[in-house]
Amino acid sequence: MKATFLLLFGFLLSLNVMSQTSAQSQIDAFIKEAQDFIAKKDYKQAQLSLQDAINNINILVAEDIAKSLPAEINGLKAESDGDVNTGAMGMVGGGFTITKRYAHPTNKDNTAEVQIMGNSPLLSTMNMALANPAMMGQDYKSVRVGSQRAIMKSEMQDFYDDNGNSHKARSSEIQIPLNQTLIKIDANGFASEQAELDFANKLDIPKLKTQLGE
């Protein structure tokens, strides 16, 4: 059994190394392609090739950030290393989205989803609302996650147990706008607002800002 586990672990590790090596090779290829276009004075194509290289570098950065997020926060355990969606990168101003989900091992109501969205179109709206609280919608309010200002909305929602019986529990959304990135936390089944903010603080926003180059 131990030998089988070690073999499986080694196989998964090798896949991860191969994936990173493949990504690095692709980046190198795009840079070489850009250099060839520059030599031909085809600067527009060189620009596009360099953008492709930057997009691939951003993917590696996003994957590293996803893995660096805590594996456990206040009893909630991460369901995976995190997912990176790069679908918007091909659009003008588009960016990646990192998603990491957490769940309590015994309280199925108590879950959280963390999203980190690069170049989110919601950033300007969030910042305007923080500058002018009158623009916030009903039930929204300004809070602080550490030293970072954020917008929070909470409500009581119906949750169901295994027998189909319903009960009320908190459901909250915390949005933390940075300069070029929006961090969004959907928190369910927490005992209080303070418990939700404690969860958000454990994400270490100053560290994330450094990783994101904010």
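Taken together, the values in this text are just the output of simple stated rules run on the coordinates, not laboratory data. Predicted model only: the values in this text are computed from it and were never measured. Methodologically, a virtual Cβ is constructed for each residue, glycine included, from the backbone with ideal geometry; neighbour enumeration extends over all protein chains shown.
Some points to look at:
- Förster-model FRET efficiency, 30 Å R0, A23 and L122, C-beta, rounded to 0.05: 0.55
- Within the stretch 41-143, GluC sites (Glu not before Pro) in DSSP loop having at most 13 other beta-carbon neighbours inside 10 Å: E79
- Full-extension gain in nm, Y140 to I54, via 0.36 nm per residue minus C-alpha separation: 27.3 nm
- Of S49, S22, S124, the one that fluctuates the most in a GNM where the chain has Cα springs shorter than 10 Å: S22
- Exposed-site-free run, longest, the chain (rule: trypsin sites (Lys or Arg not before Pro); DSSP loop; at most 11 other C-beta within 10 Å): 42-214
- If both residues of a DSSP beta bridge must be in the stretch 71-214, then about 100% of such bridges are antiparallel.
- P(r) weight above 33 Å for the chain, C-alpha pairs, percent: 30
- A simple spin-label model places the labels of N179 and Y160 4.7 nm from each other, with each point 7 Å out along Cα-to-Cβ.
- Ignoring lysines fewer than eight residues from K77 along the same chain, the ones with Cα atoms less than 24 angstrom from its Cα are K67, K100, K108, K153, K168, K184, K202, K207, K209.
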